[in-house]
1. How big is D for the range 45-87, in µm² s⁻¹ as a whole number, if Stokes-Einstein is applied with the Kirkwood radius of its Cα pairs at 10 °C and 1.306 mPa s?
2. Which order do the peptides 112-120, 55-63 come out in when sorted by mean C-beta neighbours inside 10 angstrom, highest first?
3. Only one of the values [x] 23.0, 90; [y] 19.5, 66; [z] 15.5, 45 was calculated from this structure for Rg and Dmax of the Cα atoms in Å; name its label.
4. Modelled label-to-label distance, residue 166 and residue 79, 7 Å Cα→beta-carbon offset: nm?
5. Give, in nm to one decimal, the length gained when the segment between residue 3 and residue 20 is fully stretched (0.36 nm per residue of separation minus the Cα-Cα distance).
6. Based on Cα positions only, what radius of gyration and what Dmax would you give for the range 1-79, in angstroms?
7. Of all GluC sites (Glu not before Pro) in the range 40-126, which ones are in loop regions per DSSP and have a Cβ with at most 16 other Cβ atoms within 10 Å?
8. Give me, ordered by chain and number, the residues 5 or more places off residue 71 or on other chains with an amide H under 5 Å from its own placed amide H.
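FYI, it's all coordinate maths here, none of it is from the lab. Keep in mind the model is a prediction, meaning the values are calculated, not measured. Methodologically, a virtual Cβ is constructed for each residue, glycine included, from the backbone with ideal geometry; neighbour enumeration extends over all protein chains shown.
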Amino acid sequence: SEICRILEREQSLLRRVRPEKPQVYILHAESSWILSDVEGEGEDLENPRNRMLSSDAVAGAYQLCQDMGLQVGFVSEDMILDGELPEGAVLLAPSVFACRDGVCEALEGFVRRGGTLIADQMFGIKDEYGRIRYERSETLERIFGVRQRDLGVLNGPEAWQMDGLSCPAWFMRME
């Protein structure tokens with residue numbers, strides 16, 4: 001075919017082409033994806049507890065980076081555990097509410113060595129089986145510099161107020 005002839009002719013050029021180094025990495029946490037599917041309630045985008053929670057969060061993080069002109073790389077929990085994240089990198093962890101044993105501790109070392117971790121929600125609060133991991137609170141405190149005093153479940157959206165602003169709050173209350 002014509003495509004094969006072009007590829008054959010341009011072989012030396014194609015061997016020299018290398019992708020740009022990512023400027024930011026996005027954590028694809030399979031544990032969170034599976035639990036989103038199992039624990040989620042339907043696919044209504046208006047319901048933040050929907051089954052697409054984790055995939056929507058990763059897609060949104062990717063689109064944000066693309067809109068900002070940033071090169072993106074993806075990492076898995078296995079790659080984090082194997083130390084494959086470059087030192088000094090920026091890691092986005094969108095909707096990573098569940099992760100396997102050792103991931104939070106590996107990320108603590110990553111941050112200590114100069115990496116930047118940006119997370120939302122209740123980062124790493126559950127294990128891969130959906131159990132809340134209260135013992136992780138000390139590790140998360142060291143990573144983010146905040147202390148968790150209490151954790152409670154909200155039955156539905158509640159108004160969250162701060163400095164005169166009101167926003168709907170879902171999921172869990174963390175003090």
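1. Values: Rh = 12.3 Å.
Rounded to a whole number, D works out at 129 µm²/s.
2. Details: 112-120: 13.7, 55-63: 17.0.
Listed from highest to lowest mean packing, they are 55-63, 112-120.
3. [y]
4. Distance between the two pseudo-spin positions: 4.3 nm.
5. Numbers: separation 17, 0.36 × 17 = 6.12 nm, distance 2.46 nm.
Taking residue 3 through residue 20 to full extension adds about 3.7 nm, to one decimal.
6. Cα only, the range 1-79: 18.6, 53 Å (Rg, Dmax).
7. Of the GluC sites (Glu not before Pro), the ones in loops of the range 40-126 whose Cβ has at most 16 other Cβ atoms within 10 Å are 41, 43, 46, 84, 87.
8. When sequence neighbours closer than 5 places are left aside, the close amide H contacts are 23, 24.
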